[in-house]
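The values are calculated or read from the model by the stated rules, or taken from the named source; none is laboratory data. On a predicted model such as this, the values are computed, not experimentally measured, just so you know. FYI the Cβ positions are ideal-geometry reconstructions off the backbone, even for glycines, and counts take in every protein chain you see.
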Amino acid sequence: MQGIDLWVLIAMLTLATVVIKGAGPFLLGDRDIPARLRPAEVLLPTALMTALITVALIRVGADGAIRIDSAQCVGVLAATMALLLRAPLVLSLALAVVATATVRALI
Amino acid sequence: MPRTFHPGVIKALPLVLPTVALGGAFGVVATPLMGPVAPIVMSCLVFAGSAQFAAFGVLTAGGGVMAATIAGALTNLRFLITGFAIAPSLKGGRIQRAVEGQTVVDPSFALAGRGDGAFDRGVLLWSTLVQYVSWVVGTLAGVILAGANPDPEAYGLDVIMPAFFTALLVAELRIHRGLGALVAALAAACAAVSALVLAPGAPVAVASLACLVGLSRRTGP
């Protein structure tokens with residue numbers, strides 16, 4: 001794809017992103033979110049991180065079937081164990097990379 | 001700020017390499033279809049990896065501009081929810097808050113969280129700045145390397161992003177324990193099931209709503 005269409009896409013996606021990200025802060029202004037929503041708000045990072053991890057580990061193929069990226073799963077599992085043992089973040093990430101690359105090299 | 005870096009910068013450093021690699025991957029795959037300039041402009045303006053990949057995926061599948069925009073916007077829909085969550089932690093009037101709200105990206109949102117629903121505005125802004133530079137520099141490198149066809153996945157670099165999110169999740173679960181584990185299990189199930197039926201990107205927004213389980217908890221007066 002070349003030409004004007006491409007720039008229309010970039011402009012529209014930029015605009016959509018600005019509106020989506022700005023809506024909450026613009027509508028709320030300096031008000032706080034309702035107190036009864038706060039118990040949900042504190043759990044939002046938990047839900048968001050889990051969702052992002054999940055979609056990173058699965059691929060939906062053209063046939064509609066879900067495939068699991070087993071190499072990445074092994075890497076994330078290695079990082080999880082390291083993190084639970086209170087290993088430093090950078091070491092945990094390095095273990096994930098080594099584990100994933102090793103599985104990919106072996107498969 | 002004498003000779004020290006803001007905590008937000010330090011916290012974002014582990015993500016520099018994977019973000020550069022991801023931006024590079026976007027530059028490499030996008031250049032043959034979009035030319036050398038458009039991917040860089042897109043990364044500068046849209047600054048949302050998953051949305052850019054989603055829009056690009058529609059284009060490569062032969063979809064039109066409208067379909068590509070919708071795919072990208074759906075992928076960013078989670079930022080509608082995070083926007084409301086982070087709004088009270090920003091500063092200024094409506095316009096300034098809406099502008100500051102543009103800096104929310106997944107890692108900075110989680111890094112800035114204090115665990116009690118409040119967010120550290122400085123950590124948000126500084127960690128996003130590191131992300132932004134990494135993303136744009138990565139895209140630029142990808143465009144330059146597009147002919148050489150490098151493969152970051154062979155080195156396992158693609159796992160750093162989910163592994164980093166795992167680290168943030170583990171930190172959250174240490175705070176929220178049982179209810180957190182329930183929300184995580186529900187979010188994972190929602191994301192996996194809705195990935196089967198919804199357009200790419202939408203499952204993350206749907207699964208984010210698993211946090212509503214928290215409403216069942218009795219709160220103080």
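Structure values in brief
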{"item": "Unique match (being in contact (Cβ under 8 Å) with a residue 24 or more places away in the chain, touching a strand residue (DSSP E or B) at 6+ places or on another chain (Cβ under 8 Å) and on the phi < 0 side of the Ramachandran plot) among B:Ala48, B:Ala85", "result": "B:Ala85"}
{"item": "Residue within the range B:152-161 that is surrounded by fewer than 22 Cβ atoms within 10 Å (Cβ to Cβ) and of a type in the set (Gly, Ala, Ser) present", "result": "yes"}
{"item": "Selection within the range A:31-47 - surrounded by 21 or more Cβ atoms within 10 Å (Cβ to Cβ) and acidic (Asp, Glu)", "result": "A:Glu41"}
{"item": "Scan of the range B:180-206 for residues that are surrounded by 18 or more Cβ atoms within 10 Å (Cβ to Cβ) and at pLDDT 90 or above, ordered by number", "result": "B:Gly180, B:Val183, B:Ala184, B:Leu186, B:Ala187, B:Ala188, B:Cys190, B:Ala191, B:Ala192"}
{"item": "Single match in B:Leu77, B:Leu13, B:Leu45 (criterion: farther than 24 Å from B:Ile144 by Cβ and within 9 Å of another protein chain (Cβ to nearest Cβ))", "result": "B:Leu77"}
{"item": "Criterion (buried (at least 23 other Cβ atoms within 10 Å of the Cβ), modelled with pLDDT of 95 or more and among the charged types (D, E, K, R)) met by exactly one of B:Arg97, B:Arg121", "result": "B:Arg97"}
{"item": "Which numbered condition A:Leu28 misses (of (1) surrounded by 24 or more Cβ atoms within 10 Å (Cβ to Cβ); (2) touching a Pro at 6+ places or on another chain (Cβ under 8 Å))", "result": "(1)"}
{"item": "Wholly enclosed helices (runs of 4 or more DSSP H) of chain A bearing at least 2 residues at the interface with chain B (Cβ under 7 Å from one of its Cβ atoms) and touching a residue at least 24 places away in the same chain (Cβ under 8 Å)", "result": "A:70-84, A:89-106"}
{"item": "In the range A:50-80, the residues that are over 19 Å from A:Thr100 (Cβ atoms), of a type outside the set (Ser, Thr, Tyr) and in contact with a helix residue (DSSP H, G or I) (Cβ under 6 Å, 6 or more places away or on another chain)", "result": "A:Ala51, A:Val60"}
